[in-house]
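Before any comments, here is the structure.
What follows is calculated from the coordinates using simple rules that are stated; it is not laboratory data. Because the structure is predicted, anything quoted here is derived from the model rather than measured. So basically every Cβ, Gly included, is an ideal-geometry build from the backbone, and we count neighbours across all protein chains shown.
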Amino acid sequence: MKKFLPLIIIAIIAFAIFKWGIGINNTIIEKEGVAQIQWAKVESSYQRRADLIPNLVSTVKGYAAHEKETLEGVIKARAQATKTTINAGDMTAEKMAAFQKAQSGLSGALSKLMVVVERYPDLKANQNFLELQSQLEGTENRINVERNRFNDAAGIYNIFIKKFPTNLIANFSGFKGMPLYKAEAGSEKAPKVEF
């Protein structure tokens with residue numbers, strides 16, 4: 001029995017390391033999953049904004065039909081923003097930058113549309129327009145909240161997979177960090193929004 005004692009000790013240690021590795025791997029998967037779920041909420045919020053735009057454009061068109069260029073710009077930006085998506089399981093900094101660029105294009109087009117609206121007092125008083133405007137404001141706030149929550153979840157995941165000895169399991173299993181949603185250049189200046 002004494003000659004098997006070292007083998008038993010080695011087997012117990014190996015089993016403990018194996019169990020520890022499985023536990024770390026499962027925790028990584030859980031943290032990655034939380035970040036992916038949060039990314040889906042970001043996309044859902046952006047989709048909500050995209051869903052509001054056709055009604056907004058239709059309402060504006062009824063009052064400002066000759067603002068065709070601005071209205072078409074919003075529709076094109078919406079199309080670009082909705083076709084640019086990211087698979088949460090294959091997120092890279094480049095894909096995140098493309099997504100942000102498409103969403104910023106839509107935000108810019110909406111800002112131009114709101115400037116046009118200023119020229120039409122009847123439109124600004126239209127109840128349907130006011131309701132859509134309110135929903136759009138609420139959606140923009142929701143987008144910001146969800147982006148911040150995604151950054152929190154992705155940040156926690158990124159830190160966890162970089163810590164030693166977790167990084168050994170993460171590297172062995174092929175887990176990679178997630179890019180964070182970053183502020184656009186020039187966004188430190190508050191935009192002037194006039195409704």
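Rounded to the nearest 10 degrees, the angle from helix 127-162 to the longest Cα principal axis of the chain is 20 degrees.
For a footprinting-style exposure proxy, rank 37, 143 by other Cβ within 10 Å, fewest first. Intermediate values should be presented prior to the final figure.
Working: 37 13, 143 21.
Neighbour counts put them in this order, fewest first: 37, 143.
Residues 152, 90, arranged from fewest to most other Cβ atoms within 10 angstrom of their Cβ, appear as 90, 152. Take the Cβ atoms of residue 83 and residue 131, set R0 to 22 Å, and the FRET efficiency comes out at 0.20.
Using R₀ = 35 Å, calculate the FRET efficiency as 1/(1 + (r/R₀)^6) where r is the Cβ-Cβ separation of residue 65 and residue 101; round to 0.05.
Numbers: r = 30 Å, r/R0 = 0.86.
The value I calculate is 0.70.
Database remark: amide H of residue 67 closer than 5 angstrom to no amide H (H placed geometrically; neighbours at sequence offset of 5 or more, or on other chains; Pro and chain starts carry no H). Computing FRET efficiency as 1/(1 + (r/R0)^6) for residue 4 and residue 156, where r is the C-beta to C-beta distance and R0 is 41 Å, gives about 0.40.
Multiply the residue gap between residue 16 and residue 93 by 0.36 nm, knock off their C-alpha separation, and tell me the result in nm, one decimal place. Numbers along the way, then the final one.
Numbers: separation 77, 0.36 × 77 = 27.72 nm, distance 3.68 nm.
Full extension of this stretch gives 24.0 nm more.
Pick out, from 52, 121, 180, the residue whose Cα sits farthest towards the positive end of the charge dipole of the chain, with +1 on the Cβ of Lys and Arg and -1 on the Cβ of Asp and Glu. Working it through, the farthest residue towards the positive pole turns out to be 180.
Report the relative contact order of the stretch 2-173, percent, no decimals, based on alpha-carbon pairs under 8 angstrom and at least 6 residues apart. List each step's numbers first, then the result.
On the way: 113 pairs, mean separation 64.6, N = 172.
Dividing the mean separation by the residue count of the stretch 2-173 yields 38 percent.
Sorting check: for 118-127, 105-114, which peptide has the highest mean count of neighbouring beta carbons within 10 Å, and how do the rest follow? Each step should come with its number before you reach the end.
Numbers: 118-127: 12.4, 105-114: 18.2.
Going by the mean number of other Cβ atoms within 10 Å, highest first, we get 105-114, 118-127.
For percent of Cα pairs over 24 Å apart, one of [x] 41; [y] 46; [z] 53 was computed from the structure I shared and the rest are decoys. Which label? Recomputing percent of Cα pairs over 24 Å apart here gives the entry labelled [z]. The aspartates and glutamates whose alpha-carbon is closer than 14 Å to the alpha-carbon of residue 124, local same-chain residues fewer than 8 away aside, are 194.
Dividing the summed helix terms, -39500 (n - 2.57) for each DSSP H run of n ≥ 4, by the number of residues in the chain produces a 222 nm estimate of -27000 deg cm²/dmol to the nearest 500. Modelled label positions at residue 30 and residue 183, each set 7 Å beyond Cα in the direction of Cβ, lie 3.4 nm from each other.
Positive-end ranking of 17, 38, 79 along the dipole of the stretch 1-97, with charges on Cβ about the Cα centre, is headed by 17. Angle of helix 93-117 to the longest C-alpha principal axis of the chain, folded into 0 to 90 degrees and rounded to 10: 20°. Taking a threshold of 29 Å on the Cα-Cα distance, which of the pairs 76/176; 31/182; 162/182; 95/162 fall above it? Those over the limit are 76/176.
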